Amino acid sequence: MTINFTCQSCKKKIKAPVKAGGKWGKCPHCNLKCYIPLPPATEEEELKLIPVEEEEERQYEKKMKEMRDVQLNILHETQGVDDDVIGFAFNEQDKKRLWKNIVIYLRQMTDGELDEAQQTVDEIVRYGDHAKEILEEIAQNEKPEPELADIAPVVLKGLMKNLLSEINGD
């Protein structure tokens, strides 16, 4: 018994033994690595697949982008609003977490972990003025945080200035 399938690369028909199902092999036509599908189980009924309408997909992507833009606008509008107005009470635990995220961000930037740093700064920016206050506290400390002690003061100052720009939306 054999499995009949089509190479994803060259689109030629291929036959493989049943025992090869679920493994990888080379296409005899184009020599590219291809996945050999598992044979259908006898008790499984065949799924009916429907082609994706490209226009529908474009509309969906457009709506998702619009929704994301609206969410970002809402976030930016609420950054300067009083905490009580948006139902958010900034407590000591939040302050510790934000402080830690700022230190992590500065470390990530120093270590060149730019993708991770961007994710961290996205979290920090949400806190607006609270993040600015903590950043100012860190800047005023005579001794840097232990995690930041090996960073040259001028570099640390520049990173903190960049973070402040991010928070301000500059």
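The values are calculated or read from the model by the stated rules, or taken from the named source; none is laboratory data. This structure is a prediction, so every number in the text was calculated from the model and none was measured. Heads up, the Cβs are rebuilt from the backbone with ideal geometry, glycines too, and the neighbour counts pull from every protein chain shown.
Checking the structure you have, find out if any residue of the range 89-102 is among the hydrophobic types (A, V, I, L, M, F, W, C), out of contact with any Cys (no Cβ under 9 Å at 6 or more places or on another chain), modelled with pLDDT under 90 and in the same structural domain as residue 146 (by TED's automatic domain parsing). Outline the logic, then answer.
Step one: of the range 89-102, the residues among the hydrophobic types (A, V, I, L, M, F, W, C) are 89-90, 98-99, 102.
Remaining after also requiring out of contact with any Cys (no Cβ under 9 Å at 6 or more places or on another chain): 89-90, 98-99, 102.
Filter again for modelled with pLDDT under 90, leaving 89-90.
Filter once more, so that each one left must be in the same structural domain as residue 146 (by TED's automatic domain parsing): 89-90.
Scanning the range 89-102 turns up at least one residue that is among the hydrophobic types (A, V, I, L, M, F, W, C), out of contact with any Cys (no Cβ under 9 Å at 6 or more places or on another chain), modelled with pLDDT under 90 and in the same structural domain as residue 146 (by TED's automatic domain parsing).
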- Cross-chain or 6+ apart pairs with Cβ under 6 Å, the range 92-108 first and under 18 Å from residue 156 (Cα atoms), then assigned to a helix (DSSP H, G or I) and of a type in the set (Asp, Glu): 101/123; 103/147; 107/147; 108/116
- Name every residue in the range 1-32 that is loosely packed, with under 11 Cβ neighbours inside 10 Å, part of a strand (DSSP E or B) and under 38 Å from the mean Cα position of the chain (by Cα), in order of residue number. 24
- Of the candidates 125, 154, the one satisfying the condition of being loosely packed, with under 13 Cβ neighbours inside 10 Å, assigned by TED's automatic domain parsing to the domain that holds residue 109 and among the aliphatic types (A, V, I, L, M) is 154
- Answer residue from the range 147-160, given it is assigned to a helix (DSSP H, G or I) and out of contact with any helix residue (DSSP H, G or I) (no Cβ under 9 Å at 6 or more places or on another chain) and is nearest to residue 74 (Cα to Cα) among those: 158
